[in-house]
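Please treat every number below as a calculation from the coordinates, not as lab data. Note that the coordinates shown come from a computational prediction; the quantities given were computed from them, not determined experimentally. Cβ atoms come from the backbone with ideal geometry, glycine included; neighbour counts cover every protein chain shown.
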Amino acid sequence: MEDLEKLMRQYGDSIYRLCLIYLRDTHLAEDAVQDTFLQAFRAKDRFQGQSSEKTWLTAIAVNTCRSYLRSSWFRRVDMVLDNIPAPPQAEPDDDALISKIMELPGKYREVILLYYYQQLTVPEIADMLRLSPDTVYSRLRRAREKLKPKLKACK
């Protein structure tokens, strides 16, 4: 496995954007990224190379964000969706898209974020979430169906 510092340089921004979109708070996202790489460092001996390093790190980040979202502190905090920044490569109109994605139920939001923003393949997402590829395809289709009317209403 590559050196942790190299992984942080190579995937740090991508993992940060994922955590930021998931958690909707810059400070929490920064903490989640640190926790992700700390967990990766601790588990580096268990990484068997069955998936790519990006998929492995993304899975750790998703699980870290899920843990944050389940925490009692997070449930008591009133999060504001308006402060979600667009990914650096996004167009200004993408702010509305991200807001609508965040309104989706978790199982749909998750596959959209992993597929479009992390650019993972369906088999990688299926492996990461421990779902069948057919389930991932189904969730992607349903998420797009749910997004379509929301985005038309924005125009």
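Worth pointing out:
- A straight Cα-to-Cα reach below 21 Å connects K150 with the lysines K100, K107, residues fewer than 8 places away in its own chain not being considered.
- Across all directions, the shadow cast by the convex hull of the range 1-42 built on its C-alpha atoms averages 2.7 square nanometres.
- Sorting 3-16, 106-119, 40-53 by average packing, meaning the other beta carbons within 10 Å per residue, from highest down gives 106-119, 3-16, 40-53.
- Highest-first arrangement of 123-133, 22-32, 56-66, 141-151, where packing means the average Cβ count within 10 Å: 56-66, 22-32, 123-133, 141-151
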